[in-house]
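Derivation of every value follows stated rules applied to the coordinates shown; laboratory data play no part. This one's a predicted model, so the numbers in the text were calculated from it and none came from an experiment. Because the Cβ atoms are built from the backbone with ideal geometry, glycine has one as well, and the counts that use them run over all protein chains shown.
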Amino acid sequence: MWFFMIASYVLSLLTLLMLGTLMLQSYMTIPFLKIPQLTFLILTSIVYFFTETLVIFFFVGTGVSIRDYTQEKNLPQDYRKRSLAIKHKIYPPTMLNLLLMIILFVLPGAVYAGKIPWMVYQYYFVFCLWHFIYTKLIQHQAFRDNTENILAMSGVTRST
């Protein structure tokens, strides 16, 4: 569990840095590490989607583990209900962010084709970056709540 949480935090930070670099690249025509902007955009999208997939499957996996553990140990269903409540908080903004980022990663094609003005793309990029950070804050709180739920279910208190 800890490996996946730490990996998701590291990959989220990497994605944020890559998105920031991509935004700077859109203002300056200098390639980052001699990588053309569209190539770097594709690499950023791969890292982003891998990160979000990892986060989603982390919560799916821990939810299944909580369900199985509570059934095996005949524990109250409160732990499972908390796990479902966490999923209900995290999935809507995460799925919306996935949709927004898909659009963001496709829009440069429309900009280069002259169908969308460059400034519209820039404003949308800033909005997507803000929503990405907002989503990461929600995910962070969900990681904390999920960990507390698992520790409480295991009989470990937070002060221990």
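Pick out, from L129, S45, A152, the residue whose Cα sits farthest towards the positive end of the charge dipole of the chain, with +1 on the Cβ of Lys and Arg and -1 on the Cβ of Asp and Glu.
Ranked along the dipole, the leading option is A152.
Name all residues of the range 8-41 having a backbone nitrogen under 20 Å from the label point set 7 Å from the Cα of H140 along its Cα→Cβ direction, giving them as ranges.
Only 8-21 pass the distance filter.
Cross-chain or 8 or more residues apart, Cα under 22 Å: how many lysine pairs in the chain fit that? Count them up, please.
The result is 4.
Along its principal axes, what span do the Cα atoms of the range 2-154 show, with the longest given first and each in whole Å?
61, 28, 18
Compute the signed sum of charges (Lys and Arg +1, Asp and Glu -1) over the other residues within less than 14 Å, Cβ to Cβ, of I90.
Counting the neighbours of I90, the net charge comes to +3.
For the chain, what is the relative contact order in percent, using Cα pairs closer than 8 Å and at least 6 residues apart in sequence?
This gives 23 percent for the chain.
With labels modelled as points extended 7 Å from the Cα through the Cβ direction, what inter-label distance (nm, one decimal) is found for T29 paired with A113?
Here the modelled spin labels are 2.2 nm apart.
Measuring from centroid to centroid over Cα atoms, what is the spacing of the range 100-128 and the range 1-45 in Å?
That distance is 17 Å.
State, as an integer percentage, the relative contact order of the range 70-160 based on alpha-carbon contacts under 8 Å between residues 6 or more apart.
36
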